[in-house]
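Values quoted throughout were computed directly from the atomic coordinates according to the rules given, and no laboratory measurement underlies them. For clarity, every value in this text was computed on a predicted model and none was experimentally measured. FYI the Cβ positions are ideal-geometry reconstructions off the backbone, even for glycines, and counts take in every protein chain you see.
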Amino acid sequence: MKIIDISQPLSHATKEWPNDTPFEYKLSWSMKEASTVNVGKITTSTHIGTHIDAPFHFDNNGKKVHELELDVYVGKARVIEVTGKNEIGMEDLNRFDLKGVRRLLIRTNSWENRSQFPTTITSLKPEIAAFLAEKGIQLIGVDTPSVDQVDSKDLQAHHQLHRHGIYILEGIVLDDVEPGDYELIALPLPIEGADGSPVRAVLKNI
């Protein structure tokens with residue numbers, strides 16, 4: 001069984017959202033300093049690298065991470081490629097057979113250099129949410145830090161996806177993943193009260 005890691009590594013080099021909390025790992029206890037064990041400490045944003053958005057991220061009444069249904073993040077997923085777009089709309093997805101798809105992962109190739117936080121990305125048109133819901137899709141995954149443009153103030157794609165019962169996975173790495181069907185595992189950490197969570201997202205060949 002081949003496992004394809006589609007997660008961004010978390011390190012000091014992982015780029016956080018502007019003005020958000022950067023990732024830091026350091027040893028609190030060190031065997032080099034006479035401790036019997038090494039014990040590390042992590043400081044990070046919940047929206048760094050590969051992560052899920054809980055609805056509470058953009059809706060005060062939305063579900064928090066510990067309230068999410070885990071089966072949304074595990075199961076058959078389809079990877080498609082839509083490149084060269086500023087926004088992805090229904091017209092861009094009509095050419096794909098999405099019958100029976102519950103989890104859709106979109107490779108946009110628009111975050112070309114992950115050593116820098118992007119200033120522009122391919123985003124989703126808000127009206128795409130109704131189209132996806134009609135197809136039965138419950139999870140959308142993108143290879144960008146957001147389903148909205150990075151300078152969006154109203155996060156309309158987030159809100160419309162939530163309104164149609166579609167959950168969000170962001171920052172996946174699909175550079176070397178061929179379009180097709182896979183088994184997805186992208187479980188959030190059970191952080192009580194949280195607005196999001198980093199995930200270790202992987203695909204398995206079916």
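Here are a few things to note about the model shown:
- Failed condition for D92, given (1) assigned to a loop (DSSP other than H, G, I, E, B); (2) free of Cβ contacts under 8 Å to residues at least 24 places away in the same chain; (3) surrounded by 17 or more Cβ atoms within 10 Å (Cβ to Cβ); (4) of a type outside the set (V, I, T): (1)
- The range 115-128: number of residues that are surrounded by 17 or more Cβ atoms within 10 Å (Cβ to Cβ) and in contact with a Lys or Arg (Cβ under 7 Å, 6 or more places away or on another chain): 1
- Every residue from the range 82-117 that is of a type in the set (S, T, N, Q) and touching a helix residue (DSSP H, G or I) at 6+ places or on another chain (Cβ under 9 Å): N94
Listed here are the residues, each with its yes/no results for (1) in contact (Cβ under 8 Å) with a residue 60 or more places away in the chain; (2) surrounded by fewer than 13 Cβ atoms within 10 Å (Cβ to Cβ).
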site	(1), (2)
Y25	no, yes
K32	no, yes
S35	no, yes
T44	yes, no
I48	yes, no
A54	yes, no
G62	yes, no
L70	yes, yes
V74	yes, no
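- If the condition is being over 30 Å from E183 (Cβ atoms), surrounded by 11 or more Cβ atoms within 10 Å (Cβ to Cβ) and in contact with a strand residue (DSSP E or B) (Cβ under 8 Å, 6 or more places away or on another chain), then the range 1-21 contributes only T21.
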